[in-house]
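The values are calculated or read from the model by the stated rules, or taken from the named source; none is laboratory data. Remember, it's a predicted structure, so these values are computed and weren't measured experimentally. Because the Cβ atoms are built from the backbone with ideal geometry, glycine has one as well, and the counts that use them run over all protein chains shown.
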Amino acid sequence: MVKVTLNGHPEVVLAESDKTIVIEGNHYFPPDSVHKSLFKESSTSTRCPWKGQASYYNAALSDGTTVPDVAWYYPNALEAAKNIKDYVAFYKTKTTIV
């Protein structure tokens, strides 16, 4: 089982799954394994030449803490990345992945 917690908040579990897909050193979590109540959509987007346009999430905690762009996903993944469509990956500098 792979689990993601927020740096500085080890009690905050963002996602956990035994069905992640590892691409380029990043664990991509199935959508149903992500605790979406902890996220708000970000206005950030980036483009990968083979995966497509990435959308981002901010972590939004109940204490008012917001961590910008903590995770990303590909809602319209290109053909080469269809297996990770809507899967969520997390920035290692903002989270702990074990």
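Among the residues of the range 2-19, count how many are in contact (Cβ under 8 Å) with a residue 60 or more places away in the chain and among the hydroxyl-bearing types (Ser, Thr, Tyr).
Quick first cut of the range 2-19, residues in contact (Cβ under 8 Å) with a residue 60 or more places away in the chain only: 2-7, 10, 14-15.
With the extra rule that they be among the hydroxyl-bearing types (Ser, Thr, Tyr), the set shrinks to 5.
Count: 1.
Looking at Thr44, Thr5 in this structure, which one is surrounded by 15 or more Cβ atoms within 10 Å (Cβ to Cβ) and assigned to a strand (DSSP E or B)? Outline the logic, then answer.
Values: Thr44 fails: surrounded by 15 or more Cβ atoms within 10 Å (Cβ to Cβ).
Testing whether each residue is surrounded by 15 or more Cβ atoms within 10 Å (Cβ to Cβ) and assigned to a strand (DSSP E or B) leaves just Thr5.
Among the residues of the range 47-59, which ones are over 25 Å from Glu11 (Cα atoms) and part of a strand (DSSP E or B)?
Going through the range 47-59, the residues over 25 Å from Glu11 (Cα atoms) turn out to be 47-55.
Residues satisfying the conditions are Arg47, Cys48, Gly52, Gln53, Ala54, Ser55.
Using beta carbons and a limit of 7 Å, which pairs, at least six apart or on different chains, have the first residue in the range 54-79 and farther than 11 Å from Leu6 by Cβ and the second one acidic (Asp, Glu) and surrounded by 12 or more Cβ atoms within 10 Å (Cβ to Cβ)?
Taking only residues 6 or more apart or on different chains, the pairs are Tyr56/Asp69; Asn58/Asp69; Tyr73/Asp86; Pro75/Asp86.
Just give me the residues in the range 60-91 being at pLDDT 95 or above, part of a loop (DSSP other than H, G, I, E, B) and out of contact with any helix residue (DSSP H, G or I) (no Cβ under 7 Å at 6 or more places or on another chain), in sequence order.
If the condition is that a residue be at pLDDT 95 or above, part of a loop (DSSP other than H, G, I, E, B) and out of contact with any helix residue (DSSP H, G or I) (no Cβ under 7 Å at 6 or more places or on another chain), then Pro75, Asn76, Leu78, Tyr91 are the ones that fit.
I'd like the full set of residues that are in a loop (DSSP other than H, G, I, E, B) and of a type in the set (Asp, Glu), limited to the range 8-41. Walk me through it before giving the result.
First pass over the range 8-41, keeping only residues in a loop (DSSP other than H, G, I, E, B): 8, 18-20, 24-25, 30, 35.
Selection gives Asp18, Glu24.
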